[in-house]
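Some notes on the structure that comes next.
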Protein chains: 2
Amino acid sequence: MSETVLDMASASLKATDFDLAVWSRARQLRVEQALSDWVAPDAPAGLGDAMRYAVLDGGKRLRPLLVLAASEAVGGSTSVVSFNEAALRAACAVELIHAYSLVHDDMPCMDNDVLRRGKPTVHVRFGEARALLAGDALQALAFELLTPDEATVPPTVQAQLCRLLALAAGSGGMAGGQAIDLASVGVKLNESQLREMHRLKTGALLQGSVMMGAACGAPSAQALAALSAYGAAIGLAFQVVDDILDVTADSATLGKTAGKDADQDKPTYVSLLGLARSQAYAQELLVQANEALQASGLHDTRALRALADMVVNRVN
Amino acid sequence: MSETVLDMASASLKATDFDLAVWSRARQLRVEQALSDWVAPDAPAGLGDAMRYAVLDGGKRLRPLLVLAASEAVGGSTSVVSFNEAALRAACAVELIHAYSLVHDDMPCMDNDVLRRGKPTVHVRFGEARALLAGDALQALAFELLTPDEATVPPTVQAQLCRLLALAAGSGGMAGGQAIDLASVGVKLNESQLREMHRLKTGALLQGSVMMGAACGAPSAQALAALSAYGAAIGLAFQVVDDILDVTADSATLGKTAGKDADQDKPTYVSLLGLARSQAYAQELLVQANEALQASGLHDTRALRALADMVVNRVN
């Protein structure tokens with residue numbers, strides 16, 4: 001195909017032509033099926049039950065969708081039947097890390113939450129010890145999924161996916177952000193400290209999802225830099241919106257306890273900037289994410305744009 | 001070198017020529033230095049302190065020594081100055097998994113231990129929440145160490161090391177064994193159930209250490225099978241000896257509370273086989289380990305033989 005034809009094809013791929021719900025549904029089903037196949041069917045002594053309870057049939061699967069959208073944008077297959085194996089594994093691995101972090105976060109020594117998505121949390125249902133082990137085993141399984149002993153995923157891609165996920169999950173990513181969060185209760189953070197906390201706690205894994213998707217294809221340096229900027233913007237936006245919803249939504253809509261951050265005297269964007277400026281900031285981050293995509297040189301970024309829009313304009 | 005000369009060289013490498021203490025000391029120092037460099041110097045909010053406290057200056061470093069001994073046996077460098085980078089990273093990664101498992105194991109919802117190697121356990125020193133996060137971050141760091149963004153370790157080796165470690169640590173390995181252990185308190189296990197529990201709980205990571213060391217070289221299929229059998233034998237022997245020491249040693253020698261398993265009504269080899277038969281079984285496993293090495297076709301297995309001997313004949 002000549003460049004002109006590609007440009008024309010690209011120009012015709014307007015966001016308005018794109019139905020995120022349809023795009024997402026097919027991919028969510030594929031991820032759900034893969035998770036059901038892969039999450040520890042043979043784990044002993046009730047451990048598998050706890051792991052599956054923590055992972056299956058829950059959540060919007062935002063992180064897997066980001067992996068798949070980025071993978072497709074950089075040239076992975078867009079067809080659900082011929083799913084890129086690396087991208088599917090990366091999508092599931094990221095979700096396992098997210099799921100394990102929720103299991104451990106909910107434990108009594110952390111947030112002490114008894115409900116998650118309307119169901120008893122894992123430690124309430126299976127006991128604290130098994131919840132601890134289930135979280136630990138889910139993290140290991142994430143890396144196991146990324147390293148199949150087959151030729152389906154090139155070893156260079158396997159190694160890069162492991163590196164990206166380890167960096168996003170560890171002390172320089174999610175776990176580090178949680179540690180800052182722990183240390184911040186009742187402490188006055190300024191905006192840059194708050195941003196740093198959220199960049200690690202929530203942003204690293206969201207951005208990591210985008211970068212893992214990109215690693216499943218062969219993006220240009222320009223595309224990679226753009227996707228990194230996109231990931232950073234939506235990662236931060238996700239948390240700003242979380243803080244907004246904590247004060248504007250009710251518990252039933254949220255599926256978790258509203259007003260909890262304020263009750264626990266946790267620093268939030270709303271407590272720091274106020275509600276109106278927080279809302280404006282979220283929209284500004286959405287603009288940044290879309291500008292990054294425009295500068296990416298990628299031809300079809302509709303799914304990524306629609307996901308950014310969903311992150312910022314969601315109601316729960 | 002002709003085969004005859006190699007055979008002669010091999011025959012001259014008797015265990016009696018080999019000083020395990022000297023061999024170990026150089027490698028322990030190198031591992032200690034690497035861990036000190038790599039364990040999260042920049043982690044935020046006290047998280048790095050907890051991670052370093054959990055890892056540095058502790059233990060015999062048996063797992064790293066197994067990685068290095070296996071790596072050297074299959075043709076990695078035996079010289080400390082030109083350490084095989086992959087093997088050093090694998091040695092440290094295995095130790096991080098071991099260290100994180102101890103941190104989580106010691107927590108109140110698991111074994112509720114307040115002392116480890118004569119020091120307050122991580123949750124006693126840093127609080128439960130930070131102990132939980134430190135363990136989580138140590139597991140992520142293990143995979144980060146295995147996937148350096150450099151040409152120092154070939155991507156095929158990186159991917160294989162991640163796979164071996166994930167399998168050894170997860171629900172089909174260490175975490176699975178801990179789940180069986182949890183479910184076994186006060187339950188009568190037969191010998192095959194007890195062996196399965198320990199094969200996973202302790203054995204998988206010890207055997208995994210050997211296999212990760214082997215993955216840093218290019219072993220023959222014969223050597224790989226032999227090393228796998230060696231790893232399985234010492235993995236099991238380690239636990240049999242642990243059970244023996246729990247009743248024969250005092251707490252001061254052990255560095256942990258003696259007699260604890262019996263007090264908690266946990267199934268052990270001693271409770272199942274009696275002391276004398278347990279001791280005979282440990283010696284039988286040592287014979288099996290050495291026979292595997294003899295069948296390996298490898299020329300210098302002195303370090304592996306000496307480590308097996310240490311595992312079985314240790315006093316703490």
Review point. To one decimal in nm, how far is A:G59 from the same spot in the other copies, if labels go 7 Å from Cα toward Cβ? Please give the shortest first.
Key: 2.9
Check your understanding: Once whole DSSP H runs in chain A are found, which of them have Cα atoms spread over 15 Å or more along the helix axis and a mean Kyte-Doolittle score of at least -0.5?
Key -> A:20-38, A:62-73, A:85-106, A:128-146, A:155-169, A:204-215, A:221-248, A:275-294, A:302-313
Exercise for review: Determine the relative contact order of chain A: mean sequence separation of Cα pairs under 8 Å and six or more apart, normalised by residue count, in whole percent.
Suggested key: 21 percent
Exercise for review: Quick one: which residues, 5 or more positions from B:R116 or on another chain, have an amide H under 5 Å from its amide H? H modelled 1.01 Å from N in the peptide plane, none for Pro or chain starts.
Suggested key: B:T121
Study note, to complete from the structure: Farthest towards the positive end of the dipole of the protein assembly as shown, among A:N190, B:S171, A:Q158 and with Cβ unit charges of +1 on Lys and Arg and -1 on Asp and Glu, lies the Cα of A:N190
Point to revise | Computed over chain B, the ratio Rg/Rh where both radii use C-alpha atoms and Rh is Kirkwood | key: 0.96
Check your understanding: Which percent of Cα-Cα pairs in the stretch A:18-165 sits in each 10 Å bin, short to long?
Key -> 11, 41, 32, 14, 1
Review point. Can you pick out the pairs among B:K188/B:K266; A:K60/A:K119; A:K201/B:K201; A:K201/A:K266; B:K60/B:K119 whose Cα atoms lie more than 19 Å from each other?
Key: A:K201/B:K201
Check your understanding: What is the calculated FRET efficiency for A:E191 to B:V22, with r their C-beta to C-beta distance and R₀ = 35 Å, to the nearest 0.05?
Key -> 0.05
**Study point:** Calculated P(r) of the protein assembly as shown - Cα pairs past 32 Å, %
**Key:** 50 percent
Practice item. Only Lys, Arg, Asp and Glu count, each charged at its Cβ (+1, +1, -1, -1), so figure out the dipole size of chain B about its Cα centre, rounded to 20 debye. Key: 220 debye
Review point. Of A:I97, B:I244, A:I234, B:I180, how do they rank once you tally other Cβ atoms within 10 Å and put the fewest first?
Key: B:I244, B:I180, A:I97, A:I234
Check your understanding: Quick one: length gained pulling B:N316 to B:D37 fully straight, 0.36 nm per residue minus the C-alpha distance?
Key -> 97.6 nm
Check your understanding: If you rank A:S271, A:S209, A:S220 by fewest surrounding Cβ atoms within 10 Å, what's the result?
Key -> A:S220, A:S271, A:S209
Review point. In nm, what does the list of distances from B:S192 to its counterparts in the other copies look like, shortest first, when each label sits 7 Å along Cα to Cβ?
Key: 6.5
Practice item. Sort B:V185, B:V94, B:V270 so the one with the fewest other Cβ atoms within 10 Å of its own Cβ comes first. Key: B:V185, B:V270, B:V94
Study note, to complete from the structure: The answer for trypsin sites (Lys or Arg not before Pro) in the stretch A:17-125 that fall in a DSSP coil and have at most 15 neighbouring Cβ atoms within 10 Å is A:K60, A:R117
Revision key, fill the gap. If amide H atoms are modeled at 1.01 Å from N in the peptide plane, then the residues at a separation of 5 or more from B:N84, or on another chain, having amide H under 5 Å from its own are B:S77
Practice item. Provide an ascending nm list, one decimal, of label-point separations from B:N313 to the equivalent residue in each further copy; define each label point as 7 Å from Cα along Cα→Cβ. Key: 7.5
Exercise for review: Using DSSP to define loop residues, name the trypsin sites (Lys or Arg not before Pro) in the stretch B:178-231 whose beta-carbon has at most 16 other beta-carbon atoms within 10 Å.
Suggested key: B:K188
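Each reported figure results from applying straightforward, stated rules to the coordinates on display, with no laboratory input. This structure is a prediction, so every number in the text was calculated from the model and none was measured. Neighbour counts are summed over all protein chains in view; Cβ atoms, including those assigned to glycine, are modelled from backbone coordinates with ideal geometry.
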